[in-house]
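Below is one structure; the comments refer to it alone.
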Amino acid sequence: MLSTFLSQIANGLVLGSLIALIALGYTMVYGIITLINFAHGEIFMVGAYGGLATLTYLMPTFIAQRWYFALPVVLVGGALISVLVAVAMERFAYRPLRNAPRLAPLITALGVSVALQEAVRVFYPGATAAIPFPNLFIEGTWIIPIGDGVPIRYTGILLIVVSLVLAFGLERFIERTRMGRAMRATSQDRDVARLMGVDPDRIIVLTFAIGGALAGVAGVLYGSYLNNINIDMGFQNGIFAFTAAVLGGIGNIRGAVIGGLVIGLVKALGGQYLPGGTAYDYVWIFVVLIIVLVFRPQGFFGETERVRA
Amino acid sequence: MAFLSVRDLVVAYGAIQAVRGVSFDVEQGEIVSLIGSNGAGKTTTLRTVSGLLRPVSGEILLNGEPIQKLPAHQILSKGVAHSPEGRRLFARMSVEENLRLGAYTRKDEAGVLKDMQRVYDLFPVLGERRGNKAGLFSGGEQQMLAIGRALMSSPKLLMLDEPSMGLSPIMTQKIFDTVKELRDAGTTVLLVEQNALSALALSDKAYVIDLGRTTLSGTGRELLADPRVQEAYLGEGAST
Amino acid sequence: MTAVTEAPPASTPETAPPRHTGRLAGLLGALAPRARLLGIVGGVVAILGSQLPWATFVLNQGAYPELATLPFGFTGFRLHLVILGLATIVVAAVRVPAANRIVRNLGIGIVAVAVINGLYITVEGGGLGAITAADGAVAFGSVVALIGGVLAILGSAAGGVEPRPELDWNLPLWVEWLLLVVIFVLMLLVVAAALTSGGQGGVVNPYSGAVFLSFLGAAGGAFAGLNASGLLGYVATLSERHRVFSVIVLLIVALGLPLTSAGTEYWMTVASNIGVYAATAIGLNIVVGLAGLLDLGYVAFLGIGAFVAANLSGATASAVGIHLPFVLVMVISAVVAGIFGAIVGSPTLRVRGDYLAIVTLAFGEIFVRSAQNNIGGLTGGANAIPNIPAVAVGDFRFNESITIGSVQLPSGVMYYVLIVLLVAGVMLVFGNLKNSRLGRAWIAIREDEDAASAMGIRTGPIKILAFLLGATLAGLAGAFFAHKTGVVAYDSFRFLESVTLLSAVILGGMGTIPGAVLGASILFVLPEKLREFSDYRLLIFGLALVLIMRFRPQGIVADKHRRAELAEEPEDAAKEAPGPLPTRVEP
């Protein structure tokens, strides 16, 4: 009993770290331009395919066979593709709508989301179905010696560690550096940030780029953990990540991470213990989402009430 | 040649022209005020000079160089700082972070630290509470911080939009004294004020903006004495 | 400075803006005196181009339509070009009002036809040789036609494009009525021609997609030309003046579609599906277009209506196992969907804007997941609910064909009639709602909820009512859908369908009565006609959404009264509002 519970906790934490990594991008973009960037989930998906493409088409076998060479290269490859797509998306889809009424960018985001998914499906060889993705880390499972033993795959541990490290680094960046300060200033009052000499366009591009890089890393780690990827992975996990961002108080880095972990645990434990089993685990996440949005839209860590008109 | 010269400025929001012919000159080392009633186009003029808005027509010359097409951050690095109406501090950041943002474009760390100390000397209350969030300060203290933040870019021209808004008479006097000090220390100041009496008393030169146009100009003293100004703006101004 | 100086009265430049600005200014200025001639020459060149060969060799899949390798022909796209060219010549020569504007739009039509056909031949033929010279054959048709179109556009630009004239003639009543009838019948014929261009759907014609696109280009140019002349505006005024008459005629004309070339079982089915989505889109239009509440899970209401109807249809897979008459089923479906609408709408009491969009999305996902898992045995899960019996009146089943006298109507025609009546009814409901007290309250909420609330509008119940009514209409459509298709599966109600519905509303024009129908028609006809590009369908759909938001966010039919949500705001207007920080009380 206990070990079932603990292994579900472990599953939840792995999934939660993944969602947290994606949620960071949501929370940053929303913080800066108050846009729910629906297409962010697709950036995560594109990162996974970009990583796989790096591995399949660009890498000599010598490197590909050794994970400590391959992993960093694939991570960088995936992140790079995601950054490129995210920045292009900002430049060509969202920037022209900067002063448009609020529905326009949201609908544009839906369009970008559909287009990105389809672009991968049509143009990536074999992407019409799920594609196998190799394990890029140490094979096997670590049994945590508690009770009857709690299994967790090494790739899962990698996911948790990388997420926490990146989130921590991001928080330091935003709190401590000049660019981070400019980002916070832009999100609080864009016009006054301009008066301080901040070029908001650059900051917004930077925000999309950072969010894209994190999502790209998440995509590669997801593939490496689940060992296959498909074009639908972005939408679902994107919605979870958005839920996590709201849960943690949108615009709040630490909140997004905690929100992600909570969502991961809800899915894992809900699938185990709530009626309906794993078939309904998604439903519980959406129920959580609705409850949070209705009763505590500022999230658990939101500083101010943010009722967006 | 004037330090800042604005010629026939026209600015519109969509179809509505908020500014339809504003011209004025600011010489180095002067305090120049733009006075006029609410909605006359003063704030719009400042926002256009600092690059937040694009004019429909007209010219803005800084040392003879047209700047009306430059983005705001480039105008700032040419030495024009703008402290906006309503102060608009970064409320969730500390005093020090607000000042750091004021110096965002500067690369000389030593100079930045020196200027920060200068702001703390000018407004000791800011120095005492440099770690506190700006949103927790009183209106007068926030205005000090807003001026300090604008000074951090070590501007040649400081533009202040309604610095006395919402302040008590004592605090207003303190702010205006500071403005005078800054001018004496060599900073040129362009002041937008509804509080015409105090502004004119302080200014080397002033312009009246009415319905989006500059209608009168003269030294502060002359305008104070002008019957048209007295009737239109000082009736209320004198009582505050 | 010695004294107060009074500024001279400001000299706001009042002179008219220069006629030509931008990169082509010089060229256009030089051409201005010859604008008329250019238009005429453009038309002549376009006609000339239409009569030249268009392809240097026969394409792999057969001769391109209208025997493109041969000169001379007055069929298909060549006929369209001749008509457009002649119209250009006449308009440019006669100098009707707004001639330049008309010529410009006709020219765009010519360019579209030339480019679409030329591009297609180039791509299929494997290179530019296909439309220029290769193997001793020359085929400059597309290039020449393109030049003609460009000349016409240049000429119109040089002459200066006039504003669209407002026409209004006062004719005797019967003439106006006759005019309306003729116009609506013409519209029907054009629609039928568009549907069947490139062959009936499903019939193998490798080039049907290109033929259809070319037809669209030509029709679009002609339509834009008519619009530029002010004639369409006149027709709109006319139909507004005789509103009831127009609606009745339009309804009769729509019911006449089965009698045209598009009167086949295939098109009846497509048209019925369009009708289902149009009715649902009108419901969504209440929520999004009128009340300004973005709903991203809307298709769930269609699904709820469909599943309710499926369970009450007597289908063997249904869990309930009772069989009620269709009319009663429709009512029950609508009511159940309406109740769910109120439930989904209730968070609007607390949540606004994009957060509300996410809440509705979550409800939609919960519905799909539950349906997928066959919740309560009501949805059949992955097996769906198949074999739903057709609607029957007495012995006659709606999916059979009928013969009246010597005319045999295609099977499915009764469903078509039913859905046309249903859509008409739904449009009527929407139109009345929009112009009612309730409609004005919704619009007030859409424009500024706080102000509406301050004016005494009870925003909470009224917002929920929008969801309730919208969902009711979708539920009605769902009941029809279940019987028409015979199968209801959770797969038909996924997120993408909600996005498509939303796109239909936006594309057509939010908050307008014809908008949703127009949008739904376009979004469902295009994939049928462009099957050869079906792999790219969703990709194009996604990109189109982005482009529409960028260039025409108000949709095809713009709502006259509409200001906020999607209309362009004046530049920088939003930025001017100063947001002073909450300051504390003075010491």
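The values are calculated or read from the model by the stated rules, or taken from the named source; none is laboratory data. Values in this document were obtained by computation on a predicted structure and should not be read as measured data. We place every Cβ from the backbone using ideal geometry, glycine too, and count neighbours over all the protein chains shown.
When you check C:Ile462 against the structure, is it outside any helix (DSSP H, G or I), surrounded by fewer than 24 Cβ atoms within 10 Å (Cβ to Cβ) and not aromatic (Phe, Trp, Tyr), yes or no? Judged against the criteria, C:Ile462 is not a match. Within the range A:267-287, the only residue that satisfies the criterion of being within 9 Å of chain C (Cβ to nearest Cβ) and outside any helix (DSSP H, G or I) is A:Gly276. Going by the conditions given, is A:Arg181 touching a Leu at 6+ places or on another chain (Cβ under 8 Å), basic (Lys, Arg) and either surrounded by fewer than 21 Cβ atoms within 10 Å (Cβ to Cβ) or assigned to a helix (DSSP H, G or I) (or both)? The answer is yes for A:Arg181.
When A:Phe242 is tested against (1) hydrophobic (A, V, I, L, M, F, W, C); (2) touching a helix residue (DSSP H, G or I) at 6+ places or on another chain (Cβ under 8 Å); (3) within 12 Å of chain C (Cβ to nearest Cβ); (4) farther than 25 Å from A:Ile174 by Cα, just one condition goes unmet, and that condition is (4). Set side by side, the residues B:Ala232, B:Ala225, B:Ala150, B:Ala206 differ, and just one is modelled with pLDDT under 90, of a type in the set (A, V, I, L, M, F, W, C) and either out of contact with any Asp or Glu (no Cβ under 9 Å at 6 or more places or on another chain) or under 26 Å from B:Phe3 (Cβ atoms) (or both), which is B:Ala225.
Among the β-branched types (Val, Ile, Thr) and surrounded by fewer than 23 Cβ atoms within 10 Å (Cβ to Cβ): does that describe B:Val6? Against the criterion (among the β-branched types (Val, Ile, Thr) and surrounded by fewer than 23 Cβ atoms within 10 Å (Cβ to Cβ)), B:Val6 does not qualify.
Within the range B:15-54, being touching a Phe, Trp or Tyr at 6+ places or on another chain (Cβ under 9 Å), part of a loop (DSSP other than H, G, I, E, B), at pLDDT 90 or above and not polar (S, T, N, Q) holds for B:Glu27, B:Gly29, B:Glu30, B:Leu53.
A:Phe240 meets the conditions (1) over 22 Å from A:Leu110 (Cα atoms); (2) modelled with pLDDT under 95; (3) assigned to a helix (DSSP H, G or I) in every case but one. The failed one is (1). The set of residues from the range C:253-273 being more than 21 Å from the chain's Cα centre (by Cα) and either at pLDDT 90 or above or not in a helix (DSSP H, G or I) (or both) comprises C:Thr260, C:Ser261, C:Gly263, C:Thr264.
I'd like to check something: does the range C:386-406 contain any residue that is surrounded by 15 or more Cβ atoms within 10 Å (Cβ to Cβ) and on the phi > 0 side of the Ramachandran plot? Scanning the range C:386-406, I find no residue that is surrounded by 15 or more Cβ atoms within 10 Å (Cβ to Cβ) and on the phi > 0 side of the Ramachandran plot, so the answer is no. Taken over the range B:141-167, the criterion of being at the interface with another protein chain (Cβ under 9 Å from one of its Cβ atoms), of a type outside the set (Ser, Thr, Tyr) and over 13 Å from the mean Cα position of the chain (by Cα) is satisfied by B:Glu141, B:Gln142, B:Met152, B:Gly166, B:Leu167.
When the range B:2-14 is filtered for residues that are out of contact with any helix residue (DSSP H, G or I) (no Cβ under 9 Å at 6 or more places or on another chain) and assigned to a strand (DSSP E or B), the ones remaining, listed by number, are B:Ser5, B:Arg7, B:Asp8, B:Val10, B:Ala12.
The condition of being modelled with pLDDT under 95 and among the β-branched types (Val, Ile, Thr) holds for only one of A:Ile160, A:Ile174, that being A:Ile174. The residue pairs whose first member lies in the range C:43-54 and is assigned by TED's automatic domain parsing to the domain that holds C:Ser156, whose second member is of a type in the set (Ser, Thr, Tyr), and whose beta carbons are closer than 6 Å, counting only pairs six or more residues apart or on different chains, are C:Gly43/C:Thr88; C:Pro53/C:Thr69; C:Trp54/C:Ser142. Of the residues that make up the range C:136-151, is at least one more than 30 Å from C:Leu70 (Cα to Cα) and out of contact with any Ser or Thr (no Cβ under 6 Å at 6 or more places or on another chain)? For the range C:136-151, residues more than 30 Å from C:Leu70 (Cα to Cα) and out of contact with any Ser or Thr (no Cβ under 6 Å at 6 or more places or on another chain): absent.
For the range C:374-383, the condition of being buried (at least 18 other Cβ atoms within 10 Å of the Cβ) and either outside the structural domain of C:Gly486 (by TED's automatic domain parsing) or more than 15 Å from C:Ala482 (Cα to Cα) (or both) holds for at least one residue.
Condition check for A:Ile143 on (1) without any contact (Cβ under 8 Å) to a residue 24 or more places away in the chain; (2) surrounded by fewer than 18 Cβ atoms within 10 Å (Cβ to Cβ); (3) under 30 Å from B:Gly86 (Cα atoms): one failure, at (3). From the list C:Leu496, C:Leu468, the lone residue that is among the aliphatic types (A, V, I, L, M), modelled with pLDDT under 95 and in the same structural domain as C:Ala516 (by TED's automatic domain parsing) is C:Leu496. Within the range C:365-400, which residues are in a strand (DSSP E or B) and of a type in the set (Lys, Arg)? Answer for the range C:365-400, where residues must be in a strand (DSSP E or B) and of a type in the set (Lys, Arg): just C:Arg397. Hey, any hits in the range B:176-183 for a residue that's touching a residue at least 12 places away in the same chain (Cβ under 8 Å), among the aromatic types (Phe, Trp, Tyr) and under 23 Å from B:Glu231 (Cα atoms)? No: zero hits. Exactly one residue out of C:Ala342, C:Ala362 is part of a helix (DSSP H, G or I), within 8 Å of chain A (Cβ to nearest Cβ) and among the small types (Gly, Ala, Ser): that is C:Ala362. Out of the residues in the range C:92-131 that are out of contact with any helix residue (DSSP H, G or I) (no Cβ under 7 Å at 6 or more places or on another chain) and part of a helix (DSSP H, G or I), state the one that is farthest from C:Pro206 (Cα to Cα). Taking the candidates together, the pick is C:Val94.
The condition of being within 19 Å of A:Met183 (Cα to Cα) and either within 14 Å of chain C (Cβ to nearest Cβ) or in contact with a Leu (Cβ under 9 Å, 6 or more places away or on another chain) (or both) holds for only one of B:Arg130, B:Arg88, that being B:Arg88. Once the range A:67-101 is narrowed to residues that are within 14 Å of chain C (Cβ to nearest Cβ) and touching a residue at least 12 places away in the same chain (Cβ under 8 Å), the residue that is surrounded by the most Cβ atoms within 10 Å (Cβ to Cβ) is A:Met89.
Checking each residue in the range A:30-66 for being surrounded by fewer than 20 Cβ atoms within 10 Å (Cβ to Cβ) and aromatic (Phe, Trp, Tyr) picks out A:Tyr57, A:Phe62.
Within the range C:430-443, identify whether any single residue is outside any helix (DSSP H, G or I) and either more than 14 Å from every other protein chain (Cβ to nearest Cβ) or under 22 Å from C:Leu349 (Cα atoms) (or both), and answer yes or no. The answer is yes; a qualifying residue exists.
Among residues that are over 20 Å from A:Gly50 (Cβ atoms) and either in contact (Cβ under 8 Å) with a residue 12 or more places away in the chain or assigned to a helix (DSSP H, G or I) (or both), A:Ile203 is included. Can you name every residue in the range C:510-550 that is modelled with pLDDT of 85 or more and over 30 Å from C:Leu433 (Cβ atoms)? Listed by number, the residues that qualify are C:Tyr536, C:Leu538, C:Leu539, C:Ile540, C:Gly542, C:Leu543, C:Val546, C:Leu547, C:Arg550.
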